[in-house]
Amino acid sequence: NQGNTQSEIAEGVTMSVQVLGANDTGTGPRGVITDTRCGADFFNHLISLQNHLLAGDTGNIAASDRANLAKDEDNLLLQMGSNGAIQGRLESAAGILSQRSESNEASISKQADADLAETLTRLSQTQTAYQAALQSGARLLQQNLLDYLQ
């Protein structure tokens, strides 16, 4: 591929988790298989080694193929190290987001959840006041009814 898209991993933080397969421009991120800056061209170097091996050309194997494959190896090692760094950064971002989520949940729970003891106390007080009001109303109604009947 030649494209390298960015993904947002946190608010205002973007990074690319894709790597270029080939980079012939000489700028930007290095290509995994082909990169002109470091001389990496993995498949063509393997094909060259195969041709030299079939031809029995040990001179070219020693002179050019070893050096070219060493460049490819260095490029692949750099890519693996970069991949490890990206994975570490993503795991770190995931840990931070997990902590923020737990903190937000605790804060929301603290604000929204009812305190059971306080709620039961208020309910009991409200019930007592309601019962007292009913009894008081019943006494008044009973007295007025008796006065009316007499």
One would report the antiparallel percent of DSSP beta bridges in the chain, rounded to the nearest 5, as 60
Packing-ranked peptide list from 26-38, 54-66, 128-140, highest mean Cβ count within 10 angstrom first, is 26-38, 54-66, 128-140
Given a Förster distance of 35 Å, the FRET efficiency implied by the Cβ-Cβ spacing of Thr5 and Ser109, rounded to the nearest 0.05, works out to 0.40
Probe 1.4 Å, all chains present, heavy atoms only: Thr121 accessible area in Å², nearest 10, is 80
Whole-percent carbon and sulfur contribution to the accessible surface of the chain (1.4 Å, no ligands, DNA or RNA) stands at 55
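Between Gln99 and Leu120, how high is the FRET efficiency from 1/(1 + (r/R0)^6) when r is the Cβ-Cβ distance and R₀ = 35 Å? Nearest 0.05.
Computed FRET efficiency for Gln99 and Leu120 comes out at 0.55.
Taking the Cα centre of the chain as origin and charging only Cβ (+1 Lys, Arg; -1 Asp, Glu), how large is the dipole, in debye to the nearest 20?
With only Lys, Arg, Asp and Glu charged at Cβ, the dipole is about 400 debye.
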With the charge dipole of the chain built from beta-carbon charges (+1 for Lys and Arg, -1 for Asp and Glu) about the Cα centre, the Cα from Leu77, Gln6, Ala55 projecting farthest to the positive end belongs to Gln6
The answer for the stretch 1-92, accessible area per residue at 1.4 Å probe in Å², is 63
If R0 = 30 Å, then Ile86 and Asn44, at their Cβ-Cβ distance, give a FRET efficiency to the nearest 0.05 of 0.65
Residues meeting the amide H criterion for Asn23 (H placed from the backbone, H to H distance under 5 Å, 5 or more places apart or on another chain) are Gly31, Thr34, Asp35, Thr36
Using the Cα gyration tensor of the chain, the equivalent ellipsoid's semi-axes, largest first and to the nearest Å, work out to 85, 13, 12
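The values are calculated or read from the model by the stated rules, or taken from the named source; none is laboratory data. Everything quoted here is computed from the prediction, not taken from an experiment. Methodologically, a virtual Cβ is constructed for each residue, glycine included, from the backbone with ideal geometry; neighbour enumeration extends over all protein chains shown. These accessible areas exclude ligands, DNA and RNA; they are computed on the full protein's heavy atoms, side chains included. Shrake-Rupley method; radii C 1.70, N 1.55, O 1.52, S 1.80 Å.
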